[in-house]
1. Looking at A:A57, A:Q6, A:T110, which one has the Cα that reaches farthest to the positive end of the dipole of chain A (charges on Cβ: Lys, Arg +1; Asp, Glu -1)?
2. Starting from the Cα of A:K54, draw a straight line to each of the lysines and keep only those under 23 Å, dropping any in the same chain fewer than 8 residues away.
3. For the residue pair A:A25 and B:L8, what label-to-label distance in nm results when each label sits 7 Å from Cα along the Cα-to-beta-carbon direction?
4. Can you give the net charge of the other residues whose Cβ lies under 12 Å from the Cβ of B:R22, counting K and R as +1 and D and E as -1?
5. Using the Cα gyration tensor of segment A:28-96, with a ≥ b ≥ c the square roots of its eigenvalues, what is the shape: rounded (a/c below 1.5), prolate (a/b larger than b/c) or oblate (neither)?
6. Between rounded, prolate and oblate, where does segment B:65-149 land on the alpha carbon gyration tensor, with a ≥ b ≥ c its root eigenvalues, rounded for a/c under 1.5, else prolate if a/b exceeds b/c?
7. In what order do B:L42, B:L19 fall by count of nearby beta-carbon atoms within 10 Å, going from fewest to most?
8. I want the local charge near B:S58. Using Cβ-Cβ distances under 15 Å, sum +1 for each Lys or Arg and -1 for each Asp or Glu among the other residues.
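Derivation of every value follows stated rules applied to the coordinates shown; laboratory data play no part. Remember, it's a predicted structure, so these values are computed and weren't measured experimentally. Here Cβ is always computed from backbone atoms with ideal geometry, including for glycine, and neighbour counts include all displayed protein chains.
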Number of protein chains: 2
Amino acid sequence: MSAGNQPLEHKRIEEGLQLAPRFDADGLITCVTTDARSGDVLMVAHMNSEALEKTIASGEAWYYSRSRKKLWRKGESSGHLQRVVEMRVDCDQDAVWIKVEQQGAGACHTGRRSCFYRAVPLRGEGAVRLEFRDAEQTFDPEKIYNDKA
Amino acid sequence: MSAGNQPLEHKRIEEGLQLAPRFDADGLITCVTTDARSGDVLMVAHMNSEALEKTIASGEAWYYSRSRKKLWRKGESSGHLQRVVEMRVDCDQDAVWIKVEQQGAGACHTGRRSCFYRAVPLRGEGAVRLEFRDAEQTFDPEKIYNDKA
């Protein structure tokens, strides 16, 4: 592609109807997963092309685990599947947003409903000290996972 | 850190009260920005340590632009600032979620309120064809930005 075509390429990605995901150097895009009912962000994870295809085809969330370096069907160990109600793609197609019905007790491997269970105080003075919020453990991860990621 | 300390290190990051952001090889963490009122995801962007510090100190959203390779105060060109109502950090501290009051017409450089203005149909057959959704342009980006990123 010549530099002169960049505006056209931008236009195609931003205003086109073709899904043209822009995977990063590791072959991944970012996925934000929210609770379809509450709107809360449950987790931020990654998808490779196979995870994206499987999610679109099945309507269930599949991710790619960077730590375990493998495709990962959400809930395969815990039973806490995510049924996708809607998927969106962002302007430059390097991120997707899925709204899900979270099955079971929660999305986070620490035993909480959401991975975002600590607040960062704003406009404070001195060192930042996190505050637990909506941090109740809804399941016991020790009982759910055989081995911890 | 020896391998034997990994569970302790996990515990500190996941259950501790210290903000210990795990920046990637480029010095960035992912930031998900939602509309504090509607709960919609407005954008997914990145923060370096300076952007994170400035956001925490000011209560306004600062990001790091990967394309422009610079710190970026959201709304500095458009006037569409984001006042942060709440910031959360996730279990492994490589992502933050901010709930914001979006000032002005929108967050997306294409002129929409959210960057996620196209839906990806699920469980379909054949090629995926995106569908515009909540895609009304709320401002004219040509009039707002002098140069397009």
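1. Final value for the positive-end residue is A:T110.
2. Correct list for A:K54: A:K69, A:K70, A:K74, A:K99.
3. So the label points at A:A25 and B:L8 sit 3.3 nm apart.
4. -4
5. rounded
6. Oblate.
7. Result, fewest neighbours first: B:L19, B:L42.
8. Here the charged neighbours net out to -2.
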